[in-house]
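Structure first, commentary second.
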Amino acid sequence: MPERLTEMLMDTWTPLIILWITLLPSIYMAPMNQSQILPSGSSAELKRLTEEQRVLNRSKRGWVWNQMFVLEEFSGPEPILVGRLHTDLDPGSSKIKYILSGDGAGTIFVINDKTGDIHAMKRLDREEKAEYTLTAQAVDRDTNKPLEPPSEFIIKVQDINDNAPEFVDGPYHATVPEMSVVGTFVTKVTATDADDPVYGNSAKLVYSILEGQPYFSIEPHTAIIKTALPNMDREAKEEYFVVIQAKDMGGHMGGLSGTTTVTITLTDVNDNPPKFAQSLYHFSVMEDVALGEPIGRVKANDLDIGENAKSSYDIIEGDGMDIFEITTDVQTQDGIIRVRKPLDFETKKSYTLKVEAANVHIDPRFISGGPFKDTATVKVVVEDADEPPVFSSPTYLLEVHENAAINSVIGQVTAHDPDVSSSPIRFSIDRHTDLERQFNINAEDGKITLATPLDRETNTWHNITIVATETRNHSQVSRVPVAIKVLDVNDNAPEFASEHEAFLCENGKPGQVIQIVSAIDKDDPKNGHYFLYSLLPEMVNNPNFTIKKNEDNTLSILARHSGFSRQKQEVYLLPIIISDSGNPPMSSTSTLTIRVCGCSSDGIVQSCNVEAYVLPIGLSMGALIAILACIILLLVIVVLFVTLRRHKNEPLIIKDDEDVRENIIRYDDEGGGEEDTEAFDIATLQNPDGINGFLPRKDIKPDLQFMPR
């Protein structure tokens, strides 16, 4: 207690002691015959100091200025005396007038122009303005003439502890991992104090925790918040509310304080393993469930959150490890059990699985806490379902020769009902796959027979679909593809690959190759094609040409002699027999046309027509055709001319015998004998225009004629 009292006295009297030490130079070090700034005090003291300075006489300078001090927030019934201005030129006859100017002169600070006393008229706040710069001058009261040059001095506002610390950035939010060791850094807070940090302890702050112990602590001077308890568990408590206090005056009694709040949240770490909600799960599934369909879900709960709560599932034991699979639902973290392979109630009715859930992300700091995994048992019961027929094979491959007889059996498919009831099966062909109805099937035993002849050269493969249907439930249907391959038989004779026409030069040499021909066969023997070539028996001793078989299965035609002439014979026909190596062998006769042509010295064919020898020299076939065309054109012109001449010789006047009109007059009166025949002029009816002796002409356009009335 005595120590605390001493600290309070020091805090109270320290400003006064400093003020006194600051003013000592202006009192005891002022030279003789100088103007002085005197501190505030009693009048007797001021008079005594004035008398002492009159005795001293050291310098001829007129003014020596120092700083003045005034306490902030000081208030009283009268203005505060800050200090006094005095010059040794003042004999005390009141002829000197003191003038004050500068910051706050006349409003905040007022000077007595006779005595030089300076008073503060208002309460001052150091945080608003820490110092004031003023100018003092002594003038003659009567003439207002300056007695000395003006000089500046400063009045400093002395700080007092009138501002509490403030947390400008509060309230605060911070995070720290759960299970952290003691002393783990959490955050740092900062408070500010508007008081003078240089003078006294008004701005010296000390931090402490008012709420939040014993979980957290704070460094008194650095304001760093740390953990104070080990192994704080987020799953037990996630958020803490901490109140921090900052107190000035070094934390001593009488100091001002401010508070803020810090919300500290524990972040998650993977310190909890997954745990199944139950140790045994039961599921049932129909045997006809589709592959990949889920049959059930298991759940391993984890008290952690986010990435630390993610688990992966696996089947580690059981008799259905290859039948089922388990995957993780990323949204719910459930384990989804799915069917991996088809189920069969008649084969196996139940399965037992052992599944495991393990954390994906494991924190090595807590690995010693035990395995971060858990296991559970899953029992799956398979229920019976009415299944469609099952074929003995998923696909069938049948072979048949292309010369197979109609109704011969190609092959057979079999199927059975896997259910316990075992319904009979009927077979049929999907006619959409056999539009030409080339095959039939026995509905009872599934034997496939041939309905129409086959030709491998037209279609080598036939793909049909066989349908199996339960007789007791027609909705249970199965299908199976059947591929039928048509095997080749030697039923096609070889022939020339193309229509060949050989050209033989008149200046050719004996043994010269005229043409190389090749053959094709629509059949497809296993060992490939091998052709035999020969001439007709009656042409074996052909005096003009011979043949030679080549290694590449082609045939070369050779000339036996030279001296062929187009005038003697222009075209030769050479029949050739082509045989294959099939069983039985097939053969055909193809005729090669050999044309004799005129060639250049290097063997290039130039002309193969015999007419070239009978034409005049320099006259080609094209010129001959042009001449014939001109002759025909002249004949046509002559015929047209004669025809036109005959047309011009025809008579130009129409004769009476050319009139084909009938002389028939119809009337309704009864016949009157000869009088009736004389009533009309028949000549007029025969030719009305000839009534006036005028006959029309064919070669001119007639003028407009008016019939007489």
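A few comments on the model shown:
- Checking each residue in the range 380-426 for being out of contact with any Lys or Arg (no Cβ under 9 Å at 6 or more places or on another chain), closer than 29 Å to residue 341 by Cβ and exposed (fewer than 15 other Cβ atoms within 10 Å of the Cβ) picks out 385, 392, 393, 394, 395, 416, 420, 422.
- Residue within the range 406-427 that is of a type in the set (A, V, I, L, M, F, W, C), within 30 Å of residue 316 (Cβ to Cβ) and modelled with pLDDT of 90 or more present: no
- Filtered residues of the range 164-175 (kept if assigned to a strand (DSSP E or B) and of a type outside the set (Val, Ile, Thr)): 166, 172, 173, 174
- Members of the range 115-146 that are surrounded by fewer than 17 Cβ atoms within 10 Å (Cβ to Cβ) and in contact (Cβ under 8 Å) with a residue 40 or more places away in the chain: 121, 123, 125, 127, 130, 140, 141, 142, 144
- Of all the residues in the range 293-312, those that are closer than 21 Å to residue 350 by Cβ and open to solvent by less than 80 Å² (accessible area, probe 1.4 Å) number 4.
- Residues located in the range 287-308, provided they are touching a residue at least 40 places away in the same chain (Cβ under 8 Å) and of a type in the set (Gly, Ala, Ser): 290, 292, 296, 300
- Residue in the range 249-259 that is open to solvent by 20 Å² or more (accessible area, probe 1.4 Å), in contact (Cβ under 8 Å) with a residue 40 or more places away in the chain and either outside the structural domain of residue 221 (by the TED database) or in a strand (DSSP E or B) (or both) present: yes
- Filtered residues of the range 133-159 (kept if touching a Lys or Arg at 6+ places or on another chain (Cβ under 8 Å) and not polar (S, T, N, Q)): 138, 139, 140, 141, 142, 157, 159
- Single match in 436, 444 (criterion: surrounded by fewer than 12 Cβ atoms within 10 Å (Cβ to Cβ) and under 30 Å from residue 345 (Cα atoms)): 444
- Matching option when the condition is open to solvent by less than 40 Å² (accessible area, probe 1.4 Å) and in a loop (DSSP other than H, G, I, E, B), among 454, 504: 454
- Scanning the range 221-245 for residues that are in a loop (DSSP other than H, G, I, E, B) and not acidic (Asp, Glu) yields 221, 222, 223, 228, 229, 230, 231, 232, 234, 236, 237.
- Selection of the range 162-202 for residues being among the hydrophobic types (A, V, I, L, M, F, W, C) and within 16 Å of residue 128 (Cβ to Cβ) yields only 194.
- The number of residues in the range 48-104 that are under 23 Å from residue 135 (Cα atoms), modelled with pLDDT under 75 and either in contact with a Phe, Trp or Tyr (Cβ under 6 Å, 6 or more places away or on another chain) or of a type in the set (Phe, Trp, Tyr) (or both) comes to 3.
- Taking the range 264-296 as the range and being farther than 22 Å from residue 358 by Cβ and part of a loop (DSSP other than H, G, I, E, B) as the test, the residues that pass are 287, 288, 289, 290, 291, 292, 293.
- For the range 529-548, the condition of being outside any strand (DSSP E or B), within 59 Å of the chain's Cα centre (by Cα), assigned by the TED database to the domain that holds residue 576 and under 18 Å from residue 586 (Cβ atoms) holds for at least one residue.
- Residue 498 meets all of the listed conditions (1) over 56 Å from the mean Cα position of the chain (by Cα); (2) hydroxyl-bearing (Ser, Thr, Tyr); (3) surrounded by 18 or more Cβ atoms within 10 Å (Cβ to Cβ) but one, namely (3).
- Members of the range 507-527 that are in a strand (DSSP E or B) and over 60 Å from the mean Cα position of the chain (by Cα): 513, 514, 515, 516, 517
- Residue in the range 372-380 that is at pLDDT below 90 and of a type outside the set (A, V, I, L, M, F, W, C) present: no
- Test: residue 266 is at pLDDT 90 or above and surrounded by 14 or more Cβ atoms within 10 Å (Cβ to Cβ): yes
The values are calculated or read from the model by the stated rules, or taken from the named source; none is laboratory data. Everything numeric here is computed off the predicted structure, so don't read it as measured data. Quick reminder, even Gly has a Cβ in these numbers, built from the backbone with ideal geometry, and neighbours come from all protein chains shown. Only protein heavy atoms, including side chains, enter the accessible area calculation; ligands, DNA and RNA are left aside. Shrake-Rupley method; radii C 1.70, N 1.55, O 1.52, S 1.80 Å.
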